[in-house]
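Notes follow the structure.
The values are calculated or read from the model by the stated rules, or taken from the named source; none is laboratory data. For clarity, every value in this text was computed on a predicted model and none was experimentally measured. When we count neighbours, we look across all protein chains shown, and the Cβ atoms used for this are built from the backbone with ideal geometry, even at glycine.
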Amino acid sequence: MAKLNGKKKIKVSVFISGKGTNLKSLINFSKKKNSKIKINLIISNNKNAKGLYFARKNKINFLIVNYKNKKIAEQKILFNLKKNNVDLICLAGFMKILSKRIIDKYKGRILNIHPSLLPKYKGLNTHKRVIKNKEKFTGCSVHLVNSKLDSGKVISQKKIIILKNDNEKTLAKRLLKIENQLYPKALKKLIYSNF
Ligand code: GRF
């Protein structure tokens, strides 16, 4: 694995399925002066993911994986992670659940961003549920991925107030901006504590 005290950078693969705003923010972070990371592989299960634009724009190698057969899809993913010497995986709106074989292979080296204050509101439709439950706050969490959904160790979290007039859409929009700021910070924290 790449060492921080060496000259090599930590190689990161980002997995996406959709818009890719978190991918964009991680790419910007990787382009900063003295950055310790290089994003060298972007993986999408969705060939129409808007986020692939950022891969093309930044000339980052990307791979589209057909998930019709999950076992074959994951074999392809593992092969390409190895081929690209990937040290760390960032899930950024990746709508597929990784199976144990990938999680075990990259134990402690897979991050995910989730739009809630974990351990509260694991799973989908977080904004809808927090509004329905009349929560006063919500937030986002960057956590390590283990074999239980949205249950690994939380690395960083940011809390926001739910406004009176907030609906699912306004809340998601506001929180996404916070997510985009939090993800690079959490990645930095993990890198400095583990590598
Ligand atoms: C984010 O809200 C993230 O928390 C969730 O999926 C969304 C992805 O957004 N897991 P983007 O594709 O990074 O813009």
Q | T126 vs. criteria within 22 Å of K19 (Cβ to Cβ), among the β-branched types (V, I, T) and in contact with a Pro (Cβ under 7 Å, 6 or more places away or on another chain) | A | yes
Q) Got at least one residue in segment 54-72 being within 13 Å of the ligand (Cβ to nearest atom), over 14 Å from the mean Cα position of the chain (by Cα) and either part of a helix (DSSP H, G or I) or free of Cβ contacts under 8 Å to residues at least 24 places away in the same chain (or both)? A) yes
Q: Among what's in segment 78-98 and is within 16 Å of the chain's Cα centre (by Cα) and more than 16 Å from the ligand (Cβ to nearest atom), pick the residue that is farthest from P184 (Cα to Cα).
A: L81
Q) Within segment 99-151, how many residues are within 17 Å of the chain's Cα centre (by Cα), away from the ligand (no atom under 14 Å from the Cβ) and either crowded, with 21+ Cβ neighbours inside 10 Å or of a type in the set (F, W, Y) (or both)? A) 1
**Q.** Residues that are surrounded by fewer than 19 Cβ atoms within 10 Å (Cβ to Cβ), hydroxyl-bearing (S, T, Y) and at pLDDT 95 or above, drawn from segment 157-195
**A.** T170
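Filter segment 73-111 for residues that are of a type outside the set (A, V, I, L, M) and part of a helix (DSSP H, G or I) and give the result.
Filtering segment 73-111 down to residues of a type outside the set (A, V, I, L, M) leaves 74-76, 79-80, 82-85, 87, 90, 93-94, 96, 99-101, 104-109.
Those that are of a type outside the set (A, V, I, L, M) and part of a helix (DSSP H, G or I): E74, Q75, K76, F79, N80, K82, K83, K100, R101, D104, K105.
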